[in-house]
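Notes follow the structure.
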Amino acid sequence: MNIHEYQAKQVLKGYGAPVAQGVAITSVDEAEAAARQLPGPLYVVKSQIHAGGRGKGKFKELGPDAKGGVRLAKSIEEVVAHAKDMLGNTLVTAQTGEAGKQVNRLYIEDGADIARELYCSLLVDRSVGRVAFVISTEGGMDIEAVAHDTPEKIVTLAIDPEAGVTDADVAQIVAAYGLDGAAAEDAKSLFPALYKAFVDTDMSLLEVNPLIVMTDGHLRVLDAKVSFDGNALFRHDDIKTLRDETEEDAKEIEASKWDLAYVALDGNIGCMVNGAGLAMATMDIIKLYGKEPANFCDVGGGASKEKVAAAFKIITADPRVEGILVNIFGGIMRCDVIAEGVVAAVKEVGLQVPLVVRLEGTNAELGKKILNESGLRITAADDLDDAAQKIVAAVA
Ligand code: ADP
Ligand code: MG
């Protein structure tokens, strides 16, 4: 689960990290009052969308010469003018894709006097099984280019989970950044705080880019991007409330309500499966026969007829789906329940595209009988190979 920058800063502030003062707003009317709460004379108006690259982004409606999604303002009037310009418009960044994202919220923040922009992130480094800092002196808006052109400027430091961030770790980070004075002093509390926030709240990614050294010598978290591990959300009721469903794929929200694992992909064959292994095998064989999956929806072990129907509706709601392959092995899950769910969903939403169903396992015969007697245009398949060939031929 992703959250907005202003929320991420709120979370980090709770752990003692230095962040700027700021106010989130959703309408132009609120802009002036928000800016008045800040010290000035420099303000920053920041688009709140679940994507990075906002500074270099462009608003679709404003043309190529207009300023981006993060703008400095030297007066309260300028803050209001930027808010008018940005709210409700669509920001396209390197991370949003061409469609862009509508800006429904702005964060009006105190402007900082920046001496240096550094890069700092925390992630789970699977190669060593530890949470690791990834740091670079080359922070700011071009970190992707740094990673590509000069990877030696990026340093990884894995943290021992028993010891946490030690003095030696901090010293290594301070040396890598070349910090001294107040910044080196701030580092002693900042890096352990970031690590604690990451572990305590089950983040999967925390990216601070830039982490800045201000002209007064102190460190400040200037941008923050946070993703939480969805599998751990059940133990963080406070974090669940930070969810902004308007930023998420509607189909993924619907799927999560039904406890279905739905993943959108780029092809045109929708897949309903049970189990991750069968999902992979199904997608591999579709590719083997020359097509690409549009998505897969994993209905899991013991799904009800209603859950199967919900999965089917989610798959058919994707306009790119030109054909559907249902590939289910009935173990705990019974094939007749799958068949009933599919029939119920088709009766409700109709069937505009070819549907191939392969059922195997518990009550497979009964499942096939339900499908055959439904009067619907469903192609039954004998095995996985047959099913893949049939659906690929049907959408070709
Ligand atoms: P994004 O990474 O989405 O482009 P950032 O929050 O990193 O957005 O902002 C982009 C740039 O804008 C930063 O690298 C920094 O130079 C500048 N900036 C952002 N916030 C502030 C601020 N509060 N004060 C001064 N400059 C800022
Ligand atoms: Mg940034």
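Of these, ALA81, ALA73, ALA112, ALA99, which one is modelled with pLDDT under 95 and either loosely packed, with under 15 Cβ neighbours inside 10 Å or over 26 Å from the mean Cα position of the chain (by Cα) (or both)?
Values: ALA81 fails: modelled with pLDDT under 95; ALA73 fails: modelled with pLDDT under 95; ALA112 fails: modelled with pLDDT under 95.
Going through ALA81, ALA73, ALA112, ALA99 in turn, just one is modelled with pLDDT under 95 and either loosely packed, with under 15 Cβ neighbours inside 10 Å or over 26 Å from the mean Cα position of the chain (by Cα) (or both): ALA99.
Which one is farthest from ligand 1 (Cβ to nearest atom) among residues in region 40-53 that are within 15 Å of THR90 (Cα to Cα) and open to solvent by 20 Å² or more (accessible area, probe 1.4 Å)? Outline the logic, then answer.
Initially, region 40-53 is screened for residues within 15 Å of THR90 (Cα to Cα), giving 46-53.
Filter once more, so that each one left must be open to solvent by 20 Å² or more (accessible area, probe 1.4 Å): 50, 53.
On the way: HIS50: 11, GLY53: 5 Å.
Filtering first and then ranking leaves HIS50.
Does at least one position in region 33-50 carry a residue that is more than 19 Å from ALA99 (Cα to Cα), more than 16 Å from ligand 2 (Cβ to nearest atom) and assigned to a strand (DSSP E or B)? Give the steps one after another, and end with the answer.
In the first step, residues of region 33-50 are kept if they are more than 19 Å from ALA99 (Cα to Cα); the result is 33-46.
Within this subset, residues satisfying the condition of being more than 16 Å from ligand 2 (Cβ to nearest atom) are 33-43.
Filter again for assigned to a strand (DSSP E or B), leaving 43.
Looking for residues that are more than 19 Å from ALA99 (Cα to Cα), more than 16 Å from ligand 2 (Cβ to nearest atom) and assigned to a strand (DSSP E or B), one finds at least one in region 33-50, hence yes.
Listed residues ASP249, ASP186, ASP142; which is within 16 Å of ligand 1 (Cβ to nearest atom) and not hydrophobic (A, V, I, L, M, F, W, C)? First the steps, then the outcome.
Details: ASP249 fails: within 16 Å of ligand 1 (Cβ to nearest atom); ASP186 fails: within 16 Å of ligand 1 (Cβ to nearest atom).
Going through ASP249, ASP186, ASP142 in turn, just one is within 16 Å of ligand 1 (Cβ to nearest atom) and not hydrophobic (A, V, I, L, M, F, W, C): ASP142.
For VAL208, work out the one condition from (1) modelled with pLDDT of 95 or more; (2) under 26 Å from GLU162 (Cβ atoms); (3) out of contact with any Cys (no Cβ under 7 Å at 6 or more places or on another chain) it doesn't fulfil.
(3)
So which helices (runs of 4 or more DSSP H) stay within region 141-250 end to end and still have 2 or more residues that are hydroxyl-bearing (Ser, Thr, Tyr) and open to solvent by 60 Å² or more (accessible area, probe 1.4 Å)? Spell out how you get there, then give the answer.
Values: elements: 143-149, 167-177, 181-200, 237-240.
Where helices (runs of 4 or more DSSP H) fall fully within region 141-250, none carries at least 2 residues being hydroxyl-bearing (Ser, Thr, Tyr) and open to solvent by 60 Å² or more (accessible area, probe 1.4 Å).
Which residue, of GLU30, GLU61, is among the charged types (D, E, K, R), more than 12 Å from ligand 1 (Cβ to nearest atom) and crowded, with 16+ Cβ neighbours inside 10 Å? I'd like the intermediate steps shown before the answer.
On the way: GLU61 fails: crowded, with 16+ Cβ neighbours inside 10 Å.
The unique qualifying residue is GLU30.
The values are calculated or read from the model by the stated rules, or taken from the named source; none is laboratory data. Please read these numbers as outputs of a predicted model, since none were measured by experiment. For neighbour counting, all protein chains shown are included, and Cβ atoms are generated from backbone atoms with ideal geometry for every residue, glycine included. Heads up: the accessible areas ignore ligands, DNA and RNA and are worked out on the full protein's heavy atoms, side chains in. Shrake-Rupley method; radii C 1.70, N 1.55, O 1.52, S 1.80 Å.
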